[in-house]
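The values are calculated or read from the model by the stated rules, or taken from the named source; none is laboratory data. Because the structure is predicted, anything quoted here is derived from the model rather than measured. Neighbour counts run over all protein chains shown; Cβ positions are idealised from the backbone, glycine included. Ligands, DNA and RNA are stripped out before the accessible areas are found, and what is left, the full protein with its side chains, is counted by its heavy atoms. Shrake-Rupley method; radii C 1.70, N 1.55, O 1.52, S 1.80 Å.
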Amino acid sequence: MSRDRSPRRTLVRVRELTKSFGPTTALDHVSLTVGAGEVLAVVGHNGSGKSTLVKLLAGFHAPDGGVIETRTRDGATTDLRFIHQDLGLVGTLSTVENLSLGTARGLGVLGRLRGADERREADELIRRFGVDFDVDRPVEELSPAERTIVAIARALKGWDEQQDVVVVLDEPTASLHGAEVDRLMAVVRAVAERGAGILFISHRLDEVLGMADTVVALRNGRVVGEVPCSDTDYAGLVELVAGEAVEGLDRRAPVPGDVVLRVSDLEGDTIRNVSLEVRAGEIVGVAGILGSGRDELCAAIFGGRAYGRGSIELAGRTLRPGDLRAAIRHGAAYVPGDRHKHGAVMSMTASENLAAVRIPRIEKPWARVRSRDEDREARHWFTTCGVVPDRPRMELSRFSGGNQQKVVIAKWLRTRPGLLLLEEPTQGVDIGAKSLIHRLVAGSADEGTAVLVASSEAKELAELCDRVLVLSEGELVDELAGTRLTEAAILNASVPS
Amino acid sequence: MSTAANEKGHAIRRRLAGALAFRNISALYILAAMVVLFSVTAPETFPTIDTVRIILNDQAITAVLAVALTVPLAAGLIDLSIGAQLGLGAILVAWLLSVQGAGLGVSLVVTLAVGAGVGLLNGLLITRARISSFITTLGSSSILLAGISWISKDAQILDLGDGFQAIANHQVFQIPLSVYFMVGIAVAVWYVIDRTHAGRAVYATGGNPEAARLAGVRTDRVVILTLVCCGVLAATAGILLSSSLATGDPTVGPGYLLPAFAAAFLGSTQFRNGRFNVLGTVVAVYVLAIGVKGLQLSGAPVWIPELFNGVALLVAVAANRRQASARRVRKDKPGTPSESTTSSPAKPSPTTASRTTASA
């Protein structure tokens with residue numbers, strides 16, 4: 001029997017898949033197909049049914065209706081392989097050890113593990129996708145993108161390229177920075193070119209555009225659109241996913257006031273000789289690739305991390321390095337890039353997190369926390385920031401990422417900051433939450449707050465900021481404002497020459 | 001208007017149902033079941049006012065210690081030295097009174113100050129030398145036991161004076177003073193860690209020290225203060241113990257370690273959804289004690305208390321972990337509130353936002 005080896009043959013066909021949880025319909029007659037060598041992206045908001053789809057494919061839930069066909073026409077069965085968001089790697093073990101986990105092939109002479117063989121095999125697996133890193137280093141020392149690549153390599157172990165394989169990647173880029181994303185995407189494309197089908201689940205629309213062949217948009221459990229990538233653009237996708245055109249920010253007409261923040265000759269781990277000023281009512285962006293110092297600047301200004309040399313003046317007063325309490329007292333607020341590690345206490349309730357920054361002037365440490373005041377304030381901020389569900393006494397970890405981020409931002413807006421320092425303010429949040437966060441930041445600036453935003457997303461900076469400072473290899477290399485302030489200009493300036 | 005009232009009634013009912021749910025107050029249901037069971041198996045001895053009084057009295061010291069332990073646990077610290085801290089307090093106060101012949105007031109103040117000092121040392125080792133609380137207190141526990149042995153020469157200290165004995169044993173309404181001390185301490189600690197900004201800082205430090213630091217909490221100071229507080233309360237428990245026994249006994253400390261941990265962890269599964277809390281701890285102390293007492297009165301062998309406390313600790317910790325993982329699983333399921341999509345509120349307006357805050 002001649003087997004169908006045509007490059008575009010269908011590997012997986014999902015027909016009319018339906019799944020409900022109680023009264024909620026998570027998936028409603030969803031159909032899609034993945035072909036060999038094809039990258040199919042599935043996009044949608046949190047709660048649109050993406051993760052349910054993955055769980056049905058993985059067999060974690062049984063569908064209420066519909067079928068998942070993995071048997072292709074010629075009798076071959078497609079193998080589905082999954083890379084979940086948490087990757088499932090053991091951080092303290094090396095790439096080699098992670099790849100050989102769970103494949104006990106017996107021991108060599110005298111119980112010796114077959115180290116050399118395994119090492120060579122791992123090296124080959126990694127190189128196959130056009131990347132190269134040290135396979136003996138513990139996985140936790142690798143960059144997030146490299147870790148994801150290890151997970152992909154492990155999922156594809158034993159794949160001889162004759163087998164029919166579909167790799168399902170569930171939000172692989174949620175914790176990656178811009179440059180890292182590109183690196184991962186190159187690997188994903190390389191896997192597809194070798195004949196595997198890729199099902200790529202994401203809520204980051206911009207990255208999907210450059211990489212997928214076809215995009216399927218989900219909304220409320222339904223497929224609301226299936227378009228070839230070449231036929232759509234970012235705005236089109238946003239509209240598809242959100243169900244309406246999301247209004248962009250109005251161009252602000254900033255009236256910069258006094259200088260709130262003055263940084264002179266700052267030197268840190270990566271930062272070299274940075275000087276800058278931010279005025280009241282101004283939104284200043286900080287752009288740069290990974291390692292350019294972009295991630296260090298806000299933390300150093302706030303006092304959350306030490307710096308070598310230089311001076312930081314906030315509202316006319318010089319801050320001591322690392323004295324973040326003085327910074328808070330003088331009106332600084334800092335929203336860290338890593339919400340889980342630095343931004344919030346996930347095991348406490350949303351309203352407790354909202355009140356986490358004690359305002360020294362009016363809240364003494366031994367003063368009573370009145371639950372009525374707390375409820376009222378929580379209600380107020382939940383409405384202002386559109387946090388859902390409206391349950392301030394629920395543990396923060398149970399809110400979705402976007403809503404957690406709104407709580408973190410609200411916690412600082414509550415202190416009425418004079419200087420708002422933001423790192424990756426919209427990383428890992430869906431598009432609705434993103435535009436809301438942008439409006440909150442703009443609103444705060446309109447009230448006279450000086451805002452400094454560090455972001456890996458050039459598009460975000462171009463939309464949100466009045467001017468953007470570009471860092472490269474720790475130094476300030478450019479300042480973009482007015483008509484020069486475009487996404488392309490930021491990206492161009494960010495690349496080290 | 002009536003819909004608003006309805007909605008409010010609904011919210012209250014929902015909160016009441018949540019508060020009475022088995023997973024929230026399982027210990028109280030278990031308590032009720034035990035009372036019924038032991039009233040059947042030991043009908044003459046168990047359901048009597050004397051038993052109530054004995055349990056209340058016997059466990060007052062364990063309860064003070066367990067409440068003391070709740071404070072560092074809330075801040076994310078394991079204090080393995082509290083058994084030895086209690087032992088040091090017990091022997092030190094007896095030594096000062098009997099061997100040194102110091103006055104009652106001086107003895108009490110010095111003992112409490114030494115308790116604070118032990119907590120301070122633990123705290124400094126954790127924050128300055130960056131040793132984990134587990135190892136720090138494991139080490140300091142051994143040092144304290146050596147100190148107890150040195151002070152007491154491994155002999156009981158008698159002759160503590162009537163005034164000192166009255167501290168724990170004087171009865172008001174037929175209940176000894178130690179019970180009143182326990183209640184007072186529990187209320188004070190509850191107020192501070194549950195109702196003040198300082199208490200929030202303690203829980204934030206326990207939940208995520210780095211996030212707490214970046215929100216302006218002096219986490220090192222929180223660590224030190226919670227351990228000092230724990231040290232003072234453990235010394236208080238030691239004083240109460242020596243007073244109620246009328247003896248300074250060098251061997252008593254370590255025996256209190258496990259019951260205190262079992263109660264604090266069991267308590268964390270009650271009322272507050274996995275969070276260490278004072279009320280839960282006190283309730284847990286008495287639930288465990290009633291279980292032990294009932295088994296003894298029903299004719300169970302002498303090794304039952306050890307077994308019971310050990311099993312309770314493991315079950316409580318397992319339940320605590322399960323609550324945590326249940327929360328994660330619930331989050332994964334679509335259809336629960338946490339997964340709902342972002343709604344866009346009508347018009348977010350930071351202008352009104354800050355105004356309200358300002359007027360608040």
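From the phi angles alone, apply the Karplus equation (6.51, -1.76, 1.60; θ = phi - 60°) to region A:282-288 and give each ³J(HN,Hα) in whole Hz, x where the residue is Gly or Pro.
Once θ is set to phi - 60°, the couplings for region A:282-288 become 10, 10, 10, x, 10, 10, x Hz.
Which listed residue (A:322, B:122, A:17) has the Cα farthest towards the positive end of the charge dipole for the protein assembly as shown, taking +1 on Lys and Arg C-beta and -1 on Asp and Glu C-beta about the Cα centre?
Positive-most Cα among the choices belongs to B:122.
Taking every residue in B:197-209, how many Cβ atoms of other protein chains lie within 10 Å of its Cβ, on average? Please report the intermediate quantities before stating the final value.
Numbers: counts 12, 6, 4, 10, 3, 0, 5, 7, 1, 3, 10, 11, 1.
Mean number of neighbouring Cβ atoms from other chains: 6.
Other chains near A:225-234: what is the mean number of their Cβ atoms within 10 Å of each residue's Cβ? Working shown, then result.
Values: counts 0, 0, 0, 0, 0, 0, 0, 0, 0, 0.
Per residue, the average neighbour count from other chains is 0.
I need the Debye-formula profile for region B:265-320: one equal scatterer per C-alpha, no solvent, reported as log10 I(q)/I(0) at q = 0.14, 0.16, 0.20, 0.30 1/Å, two decimals.
-0.38, -0.48, -0.69, -1.11
Taking a 24 Å limit on the Cα-Cα distance, which of the listed pairs A:50/A:157; A:50/A:434; A:341/A:411 fall beyond it? Could the numbers behind the result be given before it?
Details: A:50/A:157 26 Å; A:50/A:434 19 Å; A:341/A:411 16 Å.
Distance filter (> 24 Å) returns A:50/A:157.
Quick one: putting +1 on the C-beta of Lys and Arg, -1 on the C-beta of Asp and Glu, what dipole do you get for region B:22-359 around its Cα centre, in Debye to the nearest 20?
1800 debye
Which value, in square angstrom to the nearest 100, describes the accessible area buried between chains A and B on both sides, using a 1.4 angstrom probe?
On the way: alone 23140 and 19350 Å², together 37640 Å².
It comes to approximately 4900 Å² buried between A and B.
Where the only charges are on Cβ atoms (+1 Lys, Arg; -1 Asp, Glu), what is the dipole of region A:217-363 about its Cα centre, to the nearest 20 debye? Intermediate values should be presented prior to the final figure.
On the way: 18 positive and 20 negative charges, 150 e Å.
For region A:217-363, the charge dipole is close to 720 debye.
At residue A:446 and residue A:394, where each label point lies 7 Å from the Cα along Cα→Cβ, what is the point-to-point distance in nanometres?
Taking the simple label geometry, residue A:446 and residue A:394 are separated by 2.9 nm.
If I compute solvent accessible area with a 1.4 Å probe over the protein chains, what percent of it on chain A is carbon and sulfur?
Numbers: 9960 of 20800 Å².
Using a 1.4 Å probe with all protein chains present, chain A comes out at 48 percent carbon and sulfur.
Report, as an integer, the average count of C-beta atoms from other chains found within 10 Å of each Cβ along A:341-350.
Numbers: counts 4, 7, 5, 7, 12, 4, 10, 9, 2, 0.
Taking the mean over all residues of the peptide, I get 6.
Which distance in nm do the two modelled labels at residue A:379 and residue B:132 give, with both placed 7 Å along the Cα-to-Cβ direction?
4.5 nm
What is the Rg over Rh value, at two decimals, for region B:84-149, using alpha-carbon atoms and the Kirkwood definition of Rh? Please report the intermediate quantities before stating the final value.
Details: Rg = 13.2 Å, Rh = 12.5 Å.
Result: Rg/Rh = 1.06.
Short version: ³J(HN,Hα) in whole Hz for each residue of region B:269-281, in order, from phi by Karplus 6.51 cos²θ - 1.76 cosθ + 1.60 (θ = phi - 60°), x for Gly and Pro, what are they?
Taking θ as phi minus 60°, the curve returns 7, 9, 6, 10, 6, x, 9, 4, 8, 5, 4, x, 4 Hz for region B:269-281.
Rounded to the nearest 5, what is the percent of antiparallel bridges among the DSSP beta bridges in the protein assembly as shown?
Values: 44 of 80 bridges.
Here the antiparallel bridges make up roughly 55 percent for the protein assembly as shown.
Enumerate the calculated ³J(HN,Hα) couplings along region A:310-319 in order (Karplus 6.51 cos²θ - 1.76 cosθ + 1.60, θ = phi - 60°), each rounded to whole Hz, writing x wherever the residue is Gly or Pro.
Result, ordered by residue: x, 10, 10, 10, 10, 6, x, 10, 7, 9 Hz.
Would you mind calculating the relative contact order of chain A from Cα pairs under 8 angstrom and at least 6 residues apart, reporting the percent as a whole number? Can you show the working numbers first?
Values: 975 pairs, mean separation 76.1, N = 497.
Relative CO of chain A lands at 15 percent.
With both partners inside chain A, how many of the DSSP beta bridges are antiparallel, as a percent to the nearest 5? Before the final figure, lay out the partial values.
Working: 40 of 76 bridges.
Once the DSSP bridges in chain A are tallied, antiparallel ones form about 55 percent.
Provide, for q = 0.11, 0.13, 0.18 Å⁻¹, the log10 of I(q)/I(0) from a solvent-free Debye sum over equal Cα point scatterers in region B:87-199.
-0.51, -0.70, -1.11
Could you calculate, for chain A, the ratio of the Cα radius of gyration to the Kirkwood radius, expressed as Rg to Rh? Provide the component values of the computation, followed by the final result.
Values: Rg = 24.7 Å, Rh = 24.7 Å.
Dividing the radius of gyration by the Kirkwood radius yields 1.00.
What residue among B:278, B:148, B:43 has its Cα farthest toward the positive end of the dipole of region B:22-359, where the charges are +1 on Lys, Arg and -1 on Asp, Glu, each on the Cβ?
Of the candidates, B:278 comes out farthest on the positive side.
Between residue A:84 and residue B:159, what is the FRET efficiency for a Förster distance of 60 Å, r being their Cβ-Cβ separation, to the nearest 0.05? Write down the numbers at each step before the final one.
Numbers: r = 69 Å, r/R0 = 1.14.
Between residue A:84 and residue B:159 the formula returns 0.30.
Cβ neighbours within 10 Å, averaged per peptide: list A:469-481, A:358-370 in order, most packed at the top. Can you show the working numbers first?
Working: A:469-481: 19.6, A:358-370: 13.0.
Top of the packing list down: A:469-481, A:358-370.
For the protein assembly as shown, what is the charge dipole size about the Cα centre, in debye to the nearest 20, if Lys and Arg each add +1 at the Cβ and Asp and Glu each add -1 at the Cβ?
Details: 89 positive and 87 negative charges, 424 e Å.
Computed about the Cα centre, the dipole is about 2040 debye.
Evaluate the protein assembly as shown: find the radius of gyration of its Cα atoms, find its Kirkwood radius, and give the ratio Rg to Rh. List each step's numbers first, then the result.
Working: Rg = 31.2 Å, Rh = 30.6 Å.
Over the Cα atoms of the protein assembly as shown, Rg/Rh equals 1.02.
Which of the listed residues, B:209, B:160, B:179, is farthest toward the dipole's positive end in region B:22-359, when Lys, Arg count +1 and Asp, Glu count -1 at the beta-carbon?
The residue sitting farthest along the positive end of the dipole is B:209.
Can you list the residues, at least 5 places off or on another chain, whose amide H is less than 5 Å from the amide H of residue A:448, using H built in the peptide plane?
When sequence neighbours closer than 5 places are left aside, the close amide H contacts are A:281.
If amide H atoms are built 1.01 Å from N in the plane of the peptide, which residues on other chains or at least 5 residues away come under 5 Å of the amide H of residue A:79?
Those qualifying (amide H under 5 Å, at least 5 residues apart or on another chain) are A:164, A:165, A:166.
Working from the pairwise distances between different alpha carbons, so that the mean of 1/r is found and then inverted, what is region B:22-359's Kirkwood radius in Å? Walk me through the numbers on the way to the answer.
Working: mean 1/r = 0.0464 Å⁻¹.
Averaging 1/r across every pair of different Cα atoms and inverting gives 21.6 Å.
What FRET efficiency, computed as 1/(1 + (r/R0)^6) with R0 = 56 Å and r the Cβ-Cβ distance, is obtained for residue B:35 and residue A:317, rounded to the nearest 0.05?
Details: r = 64 Å, r/R0 = 1.14.
It comes out at approximately 0.30.
Please name the residues of region B:212-232 whose accessible area, counted over protein heavy atoms with a 1.4 angstrom probe, falls by no less than 30 Å² between the chain alone and the full protein assembly.
B:213, B:214, B:215, B:216, B:218
If R0 is 60 Å, what FRET efficiency do you get for residue B:188 and residue A:265 from their C-beta distance, rounded to 0.05? Walk me through the numbers before you get to the answer.
Values: r = 51 Å, r/R0 = 0.85.
Computed FRET efficiency for residue B:188 and residue A:265 comes out at 0.75.
If each of residue A:341 and residue A:364 carries a label point 7 Å out from its Cα toward its Cβ, how far apart are those two points in nm?
Using points 7 Å along Cα→Cβ, the separation is 3.8 nm.
Roughly speaking, to the nearest percent, how much of region B:22-359's 1.4 Å accessible area is carbon and sulfur? Don't jump to the answer; show the numbers that get you there.
Numbers: 9910 of 14800 Å².
Roughly 67 percent of what the probe reaches on region B:22-359 is carbon or sulfur.
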